[in-house]
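First up is the structure itself, then whatever we jot down about it.
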Amino acid sequence: MGFNWPGMTRAMLRSEQNNAAATNADHIEPADPEKARDDNEKLGEPGSHDVNSSEEELTKVDTAAPQGTQKVQAMTHVWSKRDLILAYIFIWLMEFILAFSSGALGTMTPYVTSQWELHSLTALTGVISQLIAGIWKLPYAKIMNVWGRPQALCIGVLCTTLGLVLMAACKNIETVCAAQVFFYVGYNSVDFSVTVFIADTSKLKNRGFFIGYAASPWLIATWVYGPAVTSIMGPNGVGIPWGFGILSVVSPVVCLPIVFMFFKNEWKAKKAGLIQPRPNRGNFAQTVFYYLKEFDAVGLLILATGLALFLLAFNIYSYQAEQWKSPLIICFLVFGFLLVIIFGVWEAKFAPITFVPWPLLKNRTVIFTYTMAASMYIGWYIWDSYLYSLLIVLFDQTITHATYINNVYTMGSCFICLVYGVALRYNGHLKWYSLFWGVPLMILGVGLMIKFRQPGQGVGYIVMCLVFIAFGGGVLVTSEQTTLMAVSKQEDFPALLACESMIISIGSAIGSTIAGAIWTGVFPARLLANLPADAMENFALIYGDLTVQASYPVGSPTRDAINLSYAQTQRYMLISAVCVYSITLISVALWQDVDIASSFLNALSPIANYSKSIIMSTDMKDFSSNDGYQLAYQDVGNPSLPPLILLHGFTGSSQVFKRNIPGLSQKYHVIAPDLRGHGASAKTPHGFHVSRLAMDLHNLLSHLKLTEKGSVKCIAGSLGCSILWCYAELFTADVFSHMIWVDQAPMQNYAFDGSWGLEQGNRGMNCEDSVKGLFKGLGEDPDTVHRGTIAACLSYRSHPLLSDKISDETFNADEAFFLGEAQKGDPVWYAQLMKDHTGLDWRNSIRECFGGRKENETRVLVVASSRSGCFPAKGVLAAVGFVNQKAEVGGKAEGVELQWGGHWCYWEDADKFNALAIEFLQRN
């Protein structure tokens with residue numbers, strides 16, 4: 001990167017003209033790195049430069065992200081190891097009390113409604129509460145991103161508590177319905193917060209284990225809430241109202257420690273200067289309008305209404321006299337479906353701030369994860385809906401034993417989630433576990449039940465099948481969530497998981513409807529065909545009442561007829577479920593493969609441009625230079641693809657390519673180092689010479705065993721070009737088949753002989769006096785110098801056009817990002833490096849190393865910009881002539897002058913740059 005003194009001056013003038021950015025409430029100022037570093041180093045968190053801290057050092061706050069996302073990114077810096085351990089302990093306790101409360105609520109609610117002789121409405125109250133709770137996740141996900149994780153968790157805990165209080169005080173069915181709505185809204189919110197917290201605070205390879213860990217309280221709660229409810233409702237028990245009253249006190253008390261820790265670490269992050277003050281949104285009306293837009297209120301209203309109508313139709317059709325032919329149900333289905341379609345159009349075309357990460361929904365892995373989840377839950381509800389009745393009637397089980405058997409899935413899936421989570425740490429191929437373990441076990445278990453859900457079969461075979469299903473289903477549930485986390489950036493976790501929940505709700509409703517249709521269509525017909533003549537007068541009672549079905553003695557003709565009818569009906573359900581699971585199998589097969597055990601997907605380092613987003617095998621690794629320092633590099637993509645090195649410029653880091661890496665890693669195995677003194681690499685007291693950086697590149701290639709001729713491709717920007725030229729002089733460029741040099745002239749200074757001057761050299765750093773000015777500026781006010789560099793490197797600031805249409809949000813976010821990257825290094829060290837860089841003349845080296853050596857076959861693309869604030873395009877493109885000057889046949893270099901970006905053109909329009917780069921790199 002070329003330092004630009006005029007650019008710095010323009011930045012200072014702009015600051016003065018706008019009453020100084022620091023006093024502007026809407027201006028995003030970077031955090032004080034020294035303050036943050038001091039606080040973090042006390043905690044053993046980011047700030048140190050040992051090998052194990054390189055991952056954390058990359059978790060910088062994305063100032064372009066929503067406020068809530070910025071908060072959690074900042075909080076990640078201040079979580080100590082002790083606090084995280086305590087947090088996960090408190091989370092387990094919170095999940096346990098919520099699991100216990102949920103089980104107790106489900107058990108006691110029928111008795112509550114029965115006291116008003118309204119037991120038949122128990123199911124309807126559950127339908128309404130689950131429907132609202134499912135839809136609630138959509139706005140809740142937005143609350144997490146806009147307001148923050150702690151604030152969202154408080155809402156969840158308050159709703160849960162309010163639901164239990166209402167159950168304790170309820171006097172009518174309306175209050176029961178409201179209580180269940182509040183409880184399940186809160187329960188789902190807290191559970192959702194836990195999942196997102198796991199995503200926020202764990203490495204991808206550990207996430208499967210922690211998802212299983214969060215579900216593990218059910219292993220105990222499943223067996224204890226039943227006896228507890230019996231004790232509450234028994235002759236000497238405290239009674240249902242007091243039972244709910246006790247839970248309404250215990251539940252928030254158990255939740256308070258984790259809520260406190262959330263707010264404590266948010267406060268620590270604010271104290272460290274990592275969280276920016278909330279900008280002034282104006283008067284009340286302006287604030288309301290801002291949040292309506294931020295929450296995508298129009299989109300959420302359309303979607304929530306559409307889903308409510310659509311899903312409610314599946315759950316209340318049986319209460320209508322004409323069932324599916326009812327005008328009400330038809331209207332619900334049609335208008336609900338149309339509103340969901342309208343929501344998609346709104347999000348894609350009109351929404352000012354989208355709720356759904358739309359580009360990610362075009363990703364094949366996201367699409368097929370959703371189809372996998374939908375088909376899995378459709379199949380589940382087809383075969384499971386009447387399992388309890390089957391156990392009572394066909395297998396003559398007591399209520400207690402039927403309940404135990406029904407809980408086999410809960411126990412087995414929670415157990416296997418923990419085992420699977422450990423396995424993922426060592427072999428993280430989610431796709432292969434799911435394709436060859438998860439789905440086959442699910443299909444095997446359901447398929448075998450076609451044989452074993454028959455009269456005369458032992459109930460032990462049913463238990464065996466449920467174990468198979470549990471071991472397969474537990475793997476698939478973990479995989480579906482982990483896969484979505486792998487493909488997305490942090491601010492998108494809640495939205496993607498909420499969309500998954502929405503799709504599961506739809507799938508569950510469809511599955512229940514199919515099961516109900518099979519049951520009502522087949523079971524009565526089979527009863528009519530199988531019942532003996534003397535039982536026909538009781539047909540209606542037998543069909544509609546489980547107690548009546550089970551009342552006939554085992555072995556009697558009527559009981560045998562009922563059992564046979566059950567088996568014949570279940571056969572259709574099971575065959576249907578197996579057919580649906582074929583979609584699950586195909587969906588998993590169409591996932592992209594990612595080994596999360598050998599990769600680290602930095603969930604807190606956002607990908608600002610993911611228009612070509614894919615699942616990436618990403619790792620911030622390190623290697624040792626030959627002088628003993630640890631230098632960091634990003635490792636992204638499939639190692640079997642051709643390697644592509646990305647070299648950043650002055651005061652940057654590999655993060656400046658974060659918009660390019662998703663697209664480039666579809667074609668190449670991307671290796672993006674942080675130069676020494678920059679980013680996450682060691683801050684050495686020496687080594688501020690281009691030759692030292694070239695040696696570091698040589699060490700990296702040796703570390704990666706990339707030594708064969710023509711085996712590597714490279715894109716270098718600014719200072720990175722100088723590093724390549726030095727590398728070629730020291731080691732030859734033979735290892736590189738292709739190089740792209742982005743906006744760097746072969747010489748920064750003006751030549752004394754007049755051969756290189758104003759039309760070729762750097763616009764600011766071109767003489768000894770400019771170097772002295774740089775040393776003075778970086779020594780006294782480095783941030784102002786960095787802002788000047790930023791102004792020179794972005795075309796919309798160095799050469800603005802009316803067509804640029806850059807918002808203040810983009811302006812501030814870009815400046816905050818690049819300033820944050822520059823602040824990772826020592827200003828004086830930077831000055832020493834620029835002094836060396838500016839004093840070098842690579843013209844003859846380029847001529848000899850690339851054009852003069854017959855053995856060299858490296859193809860070169862030189863990228864210049866007519867809007868660069870650092871170099872005239874003529875000086876950059878001169879490198880083409882130097883390469884080709886001695887070429888015997890044709891030329892090895894070509895040049896292009898861009899109009900759409902400046903010195904950092906790859907940042908300003910990543911899609912255009914990637915297309916240009918890939919087209920050149922794929923040439924033979």
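The values are calculated or read from the model by the stated rules, or taken from the named source; none is laboratory data. Please read these numbers as outputs of a predicted model, since none were measured by experiment. As a convention, Cβ positions derive from the backbone with ideal geometry for all residues, glycine included, and neighbour counts pool all protein chains shown. All accessible areas refer to the heavy atoms of the entire protein, side chains included, with ligands and DNA or RNA removed. Shrake-Rupley method; radii C 1.70, N 1.55, O 1.52, S 1.80 Å.
So, of the residues in segment 767-793 that are touching a Leu at 6+ places or on another chain (Cβ under 9 Å) and open to solvent by 20 Å² or more (accessible area, probe 1.4 Å), which turns out to be nearest to LYS874 (Cα to Cα)? Within segment 767-793, the match that is nearest to LYS874 (Cα to Cα) is ARG787.
Applying the criterion of at least 3 residues that are touching a Gly at 6+ places or on another chain (Cβ under 8 Å) to the helices (runs of 4 or more DSSP H) found wholly in segment 351-433 leaves 364-384, 408-426.
Scanning segment 181-208 for residues that are farther than 17 Å from PRO494 by Cβ, modelled with pLDDT of 85 or more and of a type outside the set (A, V, I, L, M, F, W, C) yields a single hit, TYR184.
Taken as a whole, the condition of being modelled with pLDDT of 85 or more and not assigned by the TED database to the domain that holds ILE198 applies to VAL588. Applying the set (1) over 24 Å from SER866 (Cβ atoms); (2) in contact (Cβ under 8 Å) with a residue 24 or more places away in the chain; (3) open to solvent by 10 Å² or more (accessible area, probe 1.4 Å) to LYS705 leaves exactly one unmet item: (2). A residue that is of a type in the set (A, V, I, L, M) and either in contact with a Leu (Cβ under 9 Å, 6 or more places away or on another chain) or open to solvent by 10 Å² or more (accessible area, probe 1.4 Å) (or both) occurs somewhere in segment 836-853. When ASP753, ASP743, ASP734 are checked against the criterion of being touching a strand residue (DSSP E or B) at 6+ places or on another chain (Cβ under 6 Å) and either surrounded by 20 or more Cβ atoms within 10 Å (Cβ to Cβ) or not small (Gly, Ala, Ser) (or both), ASP743 stands alone in meeting it. Please verify whether segment 746-765 includes one or more residues that are assigned by the TED database to the domain that holds ASP836, outside any loop (DSSP other than H, G, I, E, B) and without any contact (Cβ under 8 Å) to a residue 60 or more places away in the chain. No, the conditions are met nowhere in segment 746-765.
Looking at LEU444, is it modelled with pLDDT of 95 or more, aliphatic (A, V, I, L, M) and either in a helix (DSSP H, G or I) or under 18 Å from ASP191 (Cβ atoms) (or both)? Criteria met by LEU444. Scan segment 764-787 for residues that are among the basic types (Lys, Arg) and within 42 Å of the chain's Cα centre (by Cα) and the total you get is 1.
Among the criteria (1) buried (at least 21 other Cβ atoms within 10 Å of the Cβ); (2) out of contact with any His (no Cβ under 8 Å at 6 or more places or on another chain), the one ILE583 does not fulfil is (1). Examine segment 794-810 for a residue that is surrounded by fewer than 21 Cβ atoms within 10 Å (Cβ to Cβ), charged (D, E, K, R), over 18 Å from GLY901 (Cα atoms) and touching a Ser or Thr at 6+ places or on another chain (Cβ under 9 Å), and state whether such a residue exists. Scanning segment 794-810, I find no residue that is surrounded by fewer than 21 Cβ atoms within 10 Å (Cβ to Cβ), charged (D, E, K, R), over 18 Å from GLY901 (Cα atoms) and touching a Ser or Thr at 6+ places or on another chain (Cβ under 9 Å), so the answer is no.
Considering segment 396-422, the residues that are modelled with pLDDT under 85 and open to solvent by 50 Å² or more (accessible area, probe 1.4 Å) include one that is nearest to the chain's Cα centre (by Cα), namely ASN406.
Out of the residues in segment 862-892 that are open to solvent by less than 10 Å² (accessible area, probe 1.4 Å) and either of a type in the set (A, V, I, L, M) or assigned to a helix (DSSP H, G or I) (or both), state the one that is farthest from LYS713 (Cα to Cα). Only one residue fits best here, namely GLY875.
Condition check for ARG425 on (1) out of contact with any Phe, Trp or Tyr (no Cβ under 8 Å at 6 or more places or on another chain); (2) within 30 Å of SER216 (Cβ to Cβ); (3) open to solvent by 50 Å² or more (accessible area, probe 1.4 Å); (4) not β-branched (Val, Ile, Thr): one failure, at (1).
PRO827 meets each of the listed conditions (1) more than 17 Å from HIS738 (Cα to Cα); (2) surrounded by fewer than 20 Cβ atoms within 10 Å (Cβ to Cβ) apart from (2).
When every residue of segment 141-158 is checked against the conditions, at least one turns out to be in contact (Cβ under 8 Å) with a residue 24 or more places away in the chain, assigned to a helix (DSSP H, G or I), over 26 Å from the mean Cα position of the chain (by Cα) and under 13 Å from VAL249 (Cα atoms). Give the residue that is farthest from GLY764 (Cα to Cα), with candidates limited to residues of segment 875-895 that are in contact with a helix residue (DSSP H, G or I) (Cβ under 7 Å, 6 or more places away or on another chain) and hydrophobic (A, V, I, L, M, F, W, C). By that ranking, first place goes to ALA887. Within segment 638-651, the set of residues being under 25 Å from the mean Cα position of the chain (by Cα) and crowded, with 24+ Cβ neighbours inside 10 Å comprises just one member, LEU646.
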